[in-house]
Amino acid sequence: MEIIYGTGNSAKIAYMARALQGLPFEITGVKQAAALRNLVLPEIEETGTTPLENARQKAESYYSLFKSPVFSCDSGLYLWEHTSGEPLPEEEQPGVCVRGREGRYTDDELLSHYITLVRKYGQIRARYKNAICLIWDDKLRAESMEEDLWGNPFLFTDKPHPKRVEGFPLDSISLDLKTGQYFYDQEGSAQDDLVSEHGFARFFREFLGNNIL
C-alpha cells in the first residue's frame, strides 16, 4: 500500500524507506505524490513550539490535499556543553528551529552556524527529539513523541568531515559519543544513528497491528 511521507527531502525519504523495510508500505514523497495526481502542494507555515505540533500541522495539511494515508515528522535539536553537562543558553537552543529562528539556513549556512557554536562553547553534546503524526483516514490517526523515536546523543565538532550529504549537512560535524569517531567513518548510516534506531518501525507496526491487520 502507498503511504505518503510529508517531506520533499530525498535523504529523509530514503532513511524512512530503510527504517520501514519489511513493512507493507511503499513510501512516496509529497512532491512525487502531487505530480502523479496533478496537484499543487500547499505552503505550510510551521508555527508549533514542539516537534509534535509541527508534525501534526504538516500531516493535517497534506491529508486535506491528498485524502489518502499520509504521515509527517518533525524534529527539535537540543544542545549541552559536553564538559560541564550544562545546557546551552535558551537563545542558543535550536529546538524546532534547527535551520534558524529568523529563517531557513542553507546547508552551508547551517554548517557554519553550528561550527561557530562549537568554537564559542567548546565541544557540544546534542540530541534530536523526534515526533510523528500519521493520518490514515478521516477517523483514524496516530501520533507519538516517545523517546524511542529520539536519536542517540552525539557530539558536534568544529572540523567537518570531507563527506557531505545534501539535506544532512550537520552529519559532517557529528561524532559518536562513545568513540569520538565521525559517524561517516563507522559502518552503517550516519543518518540512522542521528535520527533513531527502531522507534519509527515500532510505531508503524503497532499502528497496523491495532488498527489495520
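Within the range 55-85, the only residue that satisfies the criterion of being modelled with pLDDT of 95 or more and at positive phi is 67. Residues that are part of a loop (DSSP other than H, G, I, E, B) and among the acidic types (Asp, Glu) within the range 6-47 comprise 43, 45, 46, listed in sequence order. Of all the numbered requirements in (1) touching a strand residue (DSSP E or B) at 6+ places or on another chain (Cβ under 8 Å); (2) crowded, with 16+ Cβ neighbours inside 10 Å; (3) at pLDDT 90 or above, residue 98 misses one, and that requirement is (3).
Scan the range 121-128 and give yes if some residue there is modelled with pLDDT under 90 and within 30 Å of residue 27 (Cβ to Cβ), otherwise no. Reasoning before the result, please.
From the range 121-128, those modelled with pLDDT under 90 are 128; that's our starting set.
Still in the running and within 30 Å of residue 27 (Cβ to Cβ): 128.
So far as the range 121-128 goes, yes, one or more of its residues are modelled with pLDDT under 90 and within 30 Å of residue 27 (Cβ to Cβ).
Summed over the range 54-72, the residues that are more than 19 Å from residue 17 (Cβ to Cβ), of a type outside the set (S, T, N, Q) and in contact (Cβ under 8 Å) with a residue 12 or more places away in the chain give a count of 4. Just so you know, in the range 185-198 the residues that are part of a helix (DSSP H, G or I), at pLDDT below 90 and not hydrophobic (A, V, I, L, M, F, W, C) include one that is surrounded by the most Cβ atoms within 10 Å (Cβ to Cβ), and it is 191.
Report, by residue number, each residue of the range 77-91 that is closer than 15 Å to residue 122 by Cα and either in a strand (DSSP E or B) or in contact with a strand residue (DSSP E or B) (Cβ under 7 Å, 6 or more places away or on another chain) (or both). Residues satisfying the conditions are 79, 80, 81, 82, 86, 87, 88. Residues of the range 101-112 that are assigned to a helix (DSSP H, G or I) and surrounded by fewer than 17 Cβ atoms within 10 Å (Cβ to Cβ): 107, 108, 109, 112.
Of all residues in the range 10-30, those that are under 12 Å from residue 205 (Cα atoms) have Cβ atoms under 9 Å from Cβ atoms of residues that are charged (D, E, K, R) and exposed (fewer than 14 other Cβ atoms within 10 Å of the Cβ), 6 or more apart or on another chain, in 25/2. Residues in the range 33-49 that are under 26 Å from residue 146 (Cβ atoms) and out of contact with any helix residue (DSSP H, G or I) (no Cβ under 9 Å at 6 or more places or on another chain): 1 in all. Among the residues of the range 114-150, which ones are assigned to a helix (DSSP H, G or I) and surrounded by 17 or more Cβ atoms within 10 Å (Cβ to Cβ)? Those that are assigned to a helix (DSSP H, G or I) and surrounded by 17 or more Cβ atoms within 10 Å (Cβ to Cβ): 114, 115, 117, 118, 121, 149.
As a summary of the residue check, residue 52 satisfies the conditions (1) buried (at least 18 other Cβ atoms within 10 Å of the Cβ); (2) touching a helix residue (DSSP H, G or I) at 6+ places or on another chain (Cβ under 8 Å); (3) farther than 24 Å from residue 2 by Cβ; (4) modelled with pLDDT of 95 or more except for the one numbered (2).
With respect to residue 68, is the statement that it is assigned to a helix (DSSP H, G or I) and of a type in the set (Gly, Ala, Ser) true?
Details: assigned to a helix (DSSP H, G or I): no; of a type in the set (Gly, Ala, Ser): yes.
No, not satisfied.
The values are calculated or read from the model by the stated rules, or taken from the named source; none is laboratory data. None of the values given here were measured: they were computed from a predicted structure. Cβ sites come from the backbone with ideal geometry, for glycine too, and all protein chains shown count toward neighbours.
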